[in-house]
Amino acid sequence: MAQSNGEKSLIVSFGEMLIDFVPTVSGVSLAEAPGFIKAPGGAPANVAIAITRLGGRSAFVGKLGDDEFGHMLAGILKQNGVSAEGINFDTGARTALAFVTLRSDGEREFMFYRNPSADMLLRPDELNLDLIRSAKVFHYGSISLIVEPCRSAHLKAMEVAKEAGALLSYDPNLRLPLWPSKEEAKTQILSIWDKAEVIKVSDEELMFLTGSDKVDDETAMSLWHSNLKLLLVTLGEKGCSYYTKSFHGSVDPFRVNTVDTTGAGDSYIGALLCKIVDDRAVLEDEARLREVLRFANACGAITTTKKGAIPALPTESEVQSLLNGN
């Protein structure tokens, strides 16, 4: 049920926010790039903004450097209507930076500056527990599991949110260059797997986590666990597949002119969470769930039509016009 004053319920997104430096020219390696444009990013922060763009309510919990970039990022969250009550600033560490390039083969190449960055230093005692307890949905990734103390803060925040009755939503958002090894990435990503009630993985993440070379129902269902209400597999330009206790299927994509895929998955999960935060019954009604996933697919598709994640996140009216046009 929505709150009596008509205000939407709160979705809290936990994890990293950073600055992506993107070359001014596409299709070159980082070394060949003549210059870079700064683009705010970090999957959990993108999700928080995706939600407010669609008229939902969100807050971001994480740590930034007490530096120009950190204050700039906090400002971007506030400008986009995201509550910044859960943000801490670290005076001793910098805001994380990532250099990202789209190579000529369309694949992204990452180089991260985090040794350590402020987001990695969030401690359990710094968490805004009141904010976390007020969440109807608590959303997170796996980058916050890589090192202490952030890992302990992540586990504590999850536990507090769950005790307060929040729906736990997990998008592992695999970034292998950040992990000490592939094995460690897989172990840690799966270490909190059975806690989540909504999980979104990409086709590549599905293959990585299962060790399979196939993206099919059987492979997806090998990741199922008894606490799950919804498992989603995003298939890039092929749409998405969904799995619940009682039904499964797939939803077709939207054909758009793709420029940059950054943030498409964040836009997709933000749209889904926005639609279910006050209406969890959708998860048990296949026809309605398909409508919501069609909406989420549209959000993801629109996000790929512009450069950068945050500038490309759509509003409800942009999504409706794509839905009506198809």
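The values are calculated or read from the model by the stated rules, or taken from the named source; none is laboratory data. This structure is a prediction, so every number in the text was calculated from the model and none was measured. For neighbour counting, all protein chains shown are included, and Cβ atoms are generated from backbone atoms with ideal geometry for every residue, glycine included. Ligands, DNA and RNA are excluded from the accessible area calculation, which covers all protein heavy atoms including side chains. Shrake-Rupley method; radii C 1.70, N 1.55, O 1.52, S 1.80 Å.
Quick one: Ser250 ticks every box in (1) among the polar types (S, T, N, Q); (2) closer than 26 Å to Lys136 by Cα; (3) outside any loop (DSSP other than H, G, I, E, B) except a single one, so which number is it?
All conditions pass for Ser250, except number (2).
Only residues that are part of a helix (DSSP H, G or I) and touching a residue at least 60 places away in the same chain (Cβ under 8 Å): list them for the stretch 253-282, please.
As a first pass, look at the stretch 253-282 and keep what is part of a helix (DSSP H, G or I): 264-276, 280-282.
Hits for the stretch 253-282 are Gly265, Asp266, Ser267, Tyr268, Ile269, Gly270, Ala271, Leu272, Leu273, Cys274, Ile276, Arg280.
Hey, can you tell me all the residues within the stretch 283-310 that are farther than 28 Å from Ala98 by Cα and part of a helix (DSSP H, G or I)? Break it down into steps so the answer makes sense when it comes.
Applying the first criterion (farther than 28 Å from Ala98 by Cα) to the stretch 283-310 yields 283-295.
Selection gives Leu283, Glu284, Glu286, Ala287, Arg288, Leu289, Arg290, Glu291, Val292, Leu293, Arg294, Phe295.
For the stretch 265-283, check the following and say yes or no: at least one residue is modelled with pLDDT under 95 and either open to solvent by less than 10 Å² (accessible area, probe 1.4 Å) or of a type in the set (Gly, Ala, Ser) (or both). Reasoning before the result, please.
So in the stretch 265-283, the residues modelled with pLDDT under 95 come out as none.
Within the stretch 265-283, not a single residue is modelled with pLDDT under 95 and either open to solvent by less than 10 Å² (accessible area, probe 1.4 Å) or of a type in the set (Gly, Ala, Ser) (or both).
Within the stretch 61-81, which residues are in contact (Cβ under 8 Å) with a residue 40 or more places away in the chain, under 20 Å from the mean Cα position of the chain (by Cα) and not in a helix (DSSP H, G or I)?
Residues satisfying the conditions are Val61, Gly62, Lys63, Leu64, Asn80.
Give just the number: which of (1) touching a Lys or Arg at 6+ places or on another chain (Cβ under 8 Å); (2) modelled with pLDDT under 95; (3) within 22 Å of Cys299 (Cα to Cα) does Ser29 not satisfy?
For Ser29, the failing item is (3).
Within the stretch 17-43, work out how many residues are in contact with a helix residue (DSSP H, G or I) (Cβ under 6 Å, 6 or more places away or on another chain) and open to solvent by 10 Å² or more (accessible area, probe 1.4 Å).
First pass over the stretch 17-43, keeping only residues in contact with a helix residue (DSSP H, G or I) (Cβ under 6 Å, 6 or more places away or on another chain): 17, 19, 40, 43.
If we keep only those that are open to solvent by 10 Å² or more (accessible area, probe 1.4 Å) too, we end up with 40, 43.
Within the stretch 17-43, residues that are in contact with a helix residue (DSSP H, G or I) (Cβ under 6 Å, 6 or more places away or on another chain) and open to solvent by 10 Å² or more (accessible area, probe 1.4 Å) number 2.
Results for (1) in contact with a helix residue (DSSP H, G or I) (Cβ under 8 Å, 6 or more places away or on another chain); (2) open to solvent by less than 20 Å² (accessible area, probe 1.4 Å); (3) more than 22 Å from Phe295 (Cα to Cα), shown as yes or no for each residue.
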| position | (1), (2), (3) |
| --- | --- |
| Met207 | yes, no, yes |
| Asp213 | yes, no, yes |
| Thr219 | yes, yes, yes |
| Trp224 | no, no, yes |
| Leu230 | yes, yes, no |
| Leu235 | yes, no, no |
| Cys240 | yes, yes, no |
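Are there any pairs, at least 6 apart or on different chains, whose C-beta atoms fall under 7 Å, with the first in the stretch 308-326 and free of Cβ contacts under 8 Å to residues at least 24 places away in the same chain and the second part of a helix (DSSP H, G or I) and surrounded by 14 or more Cβ atoms within 10 Å (Cβ to Cβ), and if so, which?
Glu318/Ile302
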